[in-house]
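The values are calculated or read from the model by the stated rules, or taken from the named source; none is laboratory data. None of these values were measured; they are calculated from a predicted model. Neighbour counts run over all protein chains shown; Cβ positions are idealised from the backbone, glycine included. Quick note on the areas: whole protein, heavy atoms, side chains included, nothing else; ligands and nucleic acids left out. Shrake-Rupley method; radii C 1.70, N 1.55, O 1.52, S 1.80 Å.
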Amino acid sequence: MVEVFDLLNFKNPVFTSYLFWTGVLCIKLMMMSFLTAKHRFTKNVFANPEDAATKKGKVKFDDEDVERVRRAHLNDLENLVPFFIIGLLYVLTNPSHFLAMMLYRMIGFCRIAHTFVYAVYVIPQPARALAFFGALAPTIYMAVQVVMAFY
């Protein structure tokens with residue numbers, strides 16, 4: 001039986017791959033705030049009167065561009081938080097390094113692509129759906145593996 005400390009250390013390539021992709025996706029998630037701010041300042045629309053007053057902007061909650069970025073950000077929160085949790089638990093199942101790395105990469109690339117096609121350069125469906133499900137499917141797979149390993 002492999003000990004938890006053998007799995008959660010920097011010598012385990014699955015764990016380091018998880019840490020790398022978690023770091024990349026955390027940075028991506030935090031950058032969404034800056035993308036929202038960019039759209040707000042570009043369009044001069046703000047959510048709070050005190051913010052609008054400083055730039056002589058207007059308070060508006062339904063700007064199409066700002067709301068699109070906010071929805072992409074919310075989608076990240078809804079999907080990355082489960083990945084952060086299940087991805088770590090998946091390390092504890094002692095999976096194959098190759099498979100784990102491919103799953104983490106797929107999630108990372110698909111979540112970045114999802115933001116790109118949803119909020120940066122809008123591409124018609126099915127681009128967003130493919131990116132969304134391309135990240136969701138591996139996360140579900142890992143969750144099932146975790147449940148099966150610890151049942």
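General remarks:
- Selection count where residues are part of a helix (DSSP H, G or I), farther than 28 Å from LEU136 by Cα and out of contact with any strand residue (DSSP E or B) (no Cβ under 7 Å at 6 or more places or on another chain), scope the range 39-63: 7
- Lone qualifier among LYS43, LYS11, LYS38 - being open to solvent by 30 Å² or more (accessible area, probe 1.4 Å) and at pLDDT below 90: LYS43
- Near pairs, Cβ below 6 angstrom, 6+ apart or cross-chain, from the range 118-142 (of a type in the set (D, E, K, R)) to any residue that is open to solvent by less than 80 Å² (accessible area, probe 1.4 Å): ARG128/VAL117; ARG128/TYR118
- In the range 55-75, the residues that are farther than 19 Å from TYR118 by Cα and among the acidic types (Asp, Glu): none
- Exactly one residue out of VAL14, VAL66 is assigned to a helix (DSSP H, G or I) and either closer than 17 Å to THR139 by Cβ or polar (S, T, N, Q) (or both), and it is VAL14.
Per-residue answers, yes or no, for (1) open to solvent by 20 Å² or more (accessible area, probe 1.4 Å); (2) over 27 Å from SER96 (Cα atoms):
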site	(1), (2)
PHE109	yes, no
ILE123	yes, yes
PRO138	no, no
MET142	no, no
GLN145	yes, no
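- One residue from TYR104, TYR90 being closer than 22 Å to LEU7 by Cα, touching a Ser or Thr at 6+ places or on another chain (Cβ under 6 Å) and surrounded by 18 or more Cβ atoms within 10 Å (Cβ to Cβ): TYR104
- Looking across the range 14-30, just one residue is open to solvent by 100 Å² or more (accessible area, probe 1.4 Å) and within 14 Å of LEU74 (Cα to Cα), and that is MET30.
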